[in-house]
Amino acid sequence: METEGISLAELRARYSPEGAPIDEALLEGLRGDRRAGAHALARQLERRLGRERRESGRLRELYSAESELVAAGLAPVAGVDEVGMGPLAGPVVAAAVVLAGEPLRGLRDSKQLARPARERLEREIRARAADVSVAEVSPAEIDRINIYQAGLLAMRRAVEGLGRPARQLLVDARRIPGLTMPQRPVVRGDATIASIAAASIVAKVWRDRRMRELDARHPAYGFARNAGYGTPEHLAALETHGPSPVHRRSFAPVARAGPEAPCPTS
């Protein structure tokens, strides 16, 4: 591609924005251009092209399990994950996601994402996925059946809430009882399997929103900031106010805090 007849300002405007197409013909033209600014733009675009190729390779690997199962005629394939096993308050939340369409750039384990990126991806997942289901298990249920069983129950509810039954489940490190379809537990699935990563994002965003709602009802504990985890602020509030109705009474720090208190307002 001949670039010397195009102004540097136009070249930057056309090719510098993220997502603008880059190919070897463009880079070759910029490298052969006599202008220093064209060489600088070539180096910038080479770096971006390298990042894009690495991301494309990462996404191919991330989506490989789903691609193989769909090619084998096992669609729909649902990824399943839960969040909220460790907090002292609030529900356990699970999501089941059936991905569709082109790979989602930036998709990864929710724990590796800052909140703005996580919420942006959650919107994209919901807009583009073939199916999404979210389910909760309440603090009272957690206390009755224990936290491990609560996580499994949340995942089962999420799978059962899909609009169309999945033919194959990819589950983050567990096998869900009470379901008839084939399951594949995957250790670190939220970091290595696309649909499980998507489920982790959907469940995390859902639960964070739920904790902000609970914060409005029980503001003394800082749920909007700590998501129910046992931060120093949260533990101090427990000591001062006692547990709220949404605390998990079977968790030791909550049990030590004494009887349930009236809902504090500050």
Taking the condition in contact (Cβ under 8 Å) with a residue 60 or more places away in the chain, outside any loop (DSSP other than H, G, I, E, B), within 23 Å of Arg105 (Cα to Cα) and touching a Gly at 6+ places or on another chain (Cβ under 9 Å), does Glu55 pass? no
Only one residue in Ala198, Ala158, Ala150 is part of a helix (DSSP H, G or I) and farther than 28 Å from Phe251 by Cβ. Which one? Ala198
Filtered residues of the stretch 33-52 (kept if free of Cβ contacts under 8 Å to residues at least 24 places away in the same chain and more than 25 Å from Gly106 (Cα to Cα)): Ala36, His39, Ala40
Could you tell me which numbered condition Gly258 fails, if it satisfies all but one of (1) at negative phi; (2) not in a helix (DSSP H, G or I)? (1)
So how many residues does the stretch 88-111 have that are under 9 Å from the mean Cα position of the chain (by Cα) and exposed (fewer than 14 other Cβ atoms within 10 Å of the Cβ)? 1
Scan the stretch 161-195 for residues that are crowded, with 20+ Cβ neighbours inside 10 Å and not in a strand (DSSP E or B) and jot them down. Ala166, Ile176, Gly189, Asp190, Ile193, Ala194, Ser195
Would you pick out the residues in the stretch 13-32 that are surrounded by fewer than 16 Cβ atoms within 10 Å (Cβ to Cβ), touching a helix residue (DSSP H, G or I) at 6+ places or on another chain (Cβ under 7 Å) and either assigned by TED's automatic domain parsing to the domain that holds Gly106 or more than 24 Å from Leu104 (Cα to Cα) (or both)? Arg31
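Matching residues to (1) at pLDDT below 95; (2) more than 23 Å from Asp109 (Cα to Cα):
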| residue | (1), (2) |
| --- | --- |
| Val171 | no, no |
| Arg184 | no, no |
| Ser195 | no, no |
| Tyr221 | no, yes |
| Ala257 | yes, yes |
| Cys263 | yes, yes |
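The values are calculated or read from the model by the stated rules, or taken from the named source; none is laboratory data. Quick caveat: nothing in here was measured; it's all calculated off a predicted structure. Using ideal geometry, Cβ is built from the backbone for each residue, glycine included, and neighbour counts are taken over all protein chains shown.
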